[in-house]
Amino acid sequence: MAVLDWQEIRRAAAIIRGGGLVAIPTETVYGLAADATNDRAVARIFEAKGRPRFNPLIVHVADVGAARAHAEFSPLALHLAEEFWPGPLTLVLPRRETSTLSRLVSAGLDTIALRAPAHDVARAVIEAAGLPLAAPSANPSGSISPTCAEHVRQSLGDRVDMILDGGRSVFGLESTIVKIDGQDATLLRLGAVAAADIERAIGKRLVRIRHGAAPVEAPGMLESHYAPEAQLRLNVRTPAATEAYLAFGAAPDGHPHTFSLSAAEDLREAAANFFAHLRAADALCKTARLEGISVAPIPVVGLGEAINDRLRRAAAAR
Ligand code: TXA
Ligand code: MG
C-alpha cells in the first residue's frame with residue numbers, strides 16, 4: 001500500500017473495535033492485532049496462534065504519551081523511547097495501576113511490553129481504532145514469522161477477520177526487547193535495532209540474560225522457535241547438492257537450490273530477506289524432496305547477532 005487506503009483502514013479499525021482480529025503490516029514483521037483492552041479479543045489472539053497463555057504480548061501505541069497511560073517510564077525509559085520511537089524497539093516497563101489493558105496481555109506479570117511502530121499502515125490503524133493494539137507476530141506459535149501479507153494468508157488466513165497488505169516488512173526481524181528497571185536495562189530479545197546502537201544511546205552496556213534464564217525474565221524466549229519443517233544445518237560453507245542453501249556473500253558455484261540472503265554481505269538486506277528465504281527454502285525442501293536446509297556463516301555483529309539468534313532457535317531440537 002504505497003498510498004494509505006483509508007477505506008481499508010477504517011474497516012480494519014471497525015473490526016478491531018468490535019473485538020475482531022486484523023493482521024497488520026509493521027516495519028518488523030506482520031502482527032496479529034486486537035484491542036488490547038478487551039479480554040475476549042486478546043484471548044482470541046492466543047487461540048488463533050495456538051500460543052501458550054504464559055507468553056505475554058506486545059502492546060502497540062502511537063507514541064510515548066499513549067504509552068504512559070499504561071506504564072511507568074523512568075528517565076532511562078523515556079530516553080530510549082525518545083531515541084528509538086516510532087521504531088522497532090519494545091520496552092518492558094512496570095504496569096501502572098490505572099492501566100486499562102487486559103490482564104491477559106501481560107500473562108499475569110506486573111510489567112507491560114510497549115512499542116510505537118514506524119509503519120504508516122500500523123500507525124493509521126492505531127489512530128483510527130483509537131485503541132492500544134495487542135499484536136504478536138502473525139504466525140502460528142513457534143513457526144516462521146511473516147514478512148508479507150501472503151505469508152499470513154498461507155498460515156493464518158482462515159483464523160483472522162482481515163489481512164491488511166502493506167507490502168514487505170523493511171526490517172524483517174522482530175523488534176529488540178529491552179526491560180527497564182529504574183536505571184537498569186536488560187536485553188530480553190535481540191532484534192531489528194542492533195544492541196550496540198542501544199548501548200551507544202544510553203552510554204552503557206545492556207545486561208544480557210543467560211541462555212535458559214528463568215521463564216519469568218523472558219517468557220516466550222523458547223529454545224525452539226521460528227522453526228521450518230526441514231532440518232537446519234548452520235555455518236555451512238559447502239552445501240550438499242541435495243540441500244537448499246541460504247547464502248551470505250558469494251553463492252557457491254553451480255549449487256542448484258541457493259537463496260541469497262545478501263550477495264553484498266549487507267546484514268540489513270540479509271535481515272530483511274531472512275524469514276522469507278527460510279520459508280521459501282522450506283517449501284522447496286518439500287516440493288523437490290531435499291534433505292534439509294544449510295545456512296552460510298553470518299557474522300555475529302550488528303544485526304548479525306539477531307539473525308544468528310533466530311537461526312539458533314530455528315535449528316534447535318523440537
Ligand atoms: O516486532 C515485533 O515485536 C512484532 C511486531 C508485530 O510488533 N511482535 C512480536 O510479538 O514479535 P511476539 O508476540 O511474537 O513476541 C513478543 C515477545 C515474546 O517473546 C514475549 O514473551 C515478550 O515479547 N514479552 C511480552 N511482554 C513481556 C513482558 N511483560 N515481559 C517480558 N517479555 C515480554
Ligand atoms: Mg513471534
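With the contact rule set at Cα under 8 Å and sequence spacing of 6 or more, what percent relative contact order holds for region 82-126?
Details: 42 pairs, mean separation 22.7, N = 45.
Dividing the mean separation by the residue count of region 82-126 yields 50 percent.
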In nanometres, the difference between 0.36 nm per residue of separation and the alpha-carbon distance of Glu72 and Val3 is 21.3 nm
For region 51-138 the GluC sites (Glu not before Pro) that pass both the DSSP coil test and the at-most-14 other-Cβ-within-10 Å test are Glu97
Taking Lys and Arg as +1 and Asp and Glu as -1, residues besides Arg51 with C-beta under 14 Å from its C-beta add up to +3
What is the helix-to-structure angle for 75-84, meaning the angle in degrees between its Cα long axis and the longest Cα principal axis of the chain, kept from 0 to 90 and rounded to the nearest 10?
50 degrees
Per-residue ³J(HN,Hα) for region 24-39, Karplus 6.51 cos²θ - 1.76 cosθ + 1.60, θ = phi - 60°, Hz, x for Gly and Pro
10, x, 10, 5, 9, 9, 6, x, 9, 9, 8, 5, 6, 9, 10, 3
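Could you please report the charge total around Leu234, scoring K, R as +1 and D, E as -1 over all other residues with beta-carbon less than 13 angstrom from its beta-carbon? Working shown, then result.
Working: positive: Arg233, Arg237, Arg310, Arg312, Arg313; negative: Glu243, Asp309.
My count for the surroundings of Leu234 gives +3.
Which FRET efficiency value, to the nearest 0.05, do you get for Ala264 and Arg233 by plugging their Cβ-Cβ distance into 1/(1 + (r/R0)^6) with R0 = 22 Å? Could the numbers behind the result be given before it?
Numbers: r = 24 Å, r/R0 = 1.08.
Computed FRET efficiency for Ala264 and Arg233 comes out at 0.40.
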Count charges around Gly130 for me, please; just the other residues with Cβ under 11 Å from its Cβ, Lys/Arg as +1, Asp/Glu as -1.
-1
Gap in Å between the Cα centre of region 43-93 and the Cα centre of region 126-172?
17 Å
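We did not get these values from a lab; they are worked out from the coordinates using the rules stated. Predicted, not measured: the structure shown is a model, and the values here were computed from it. Here the Cβ is made from the backbone with ideal geometry for all residues, glycine too, and neighbour counts use every protein chain on show.
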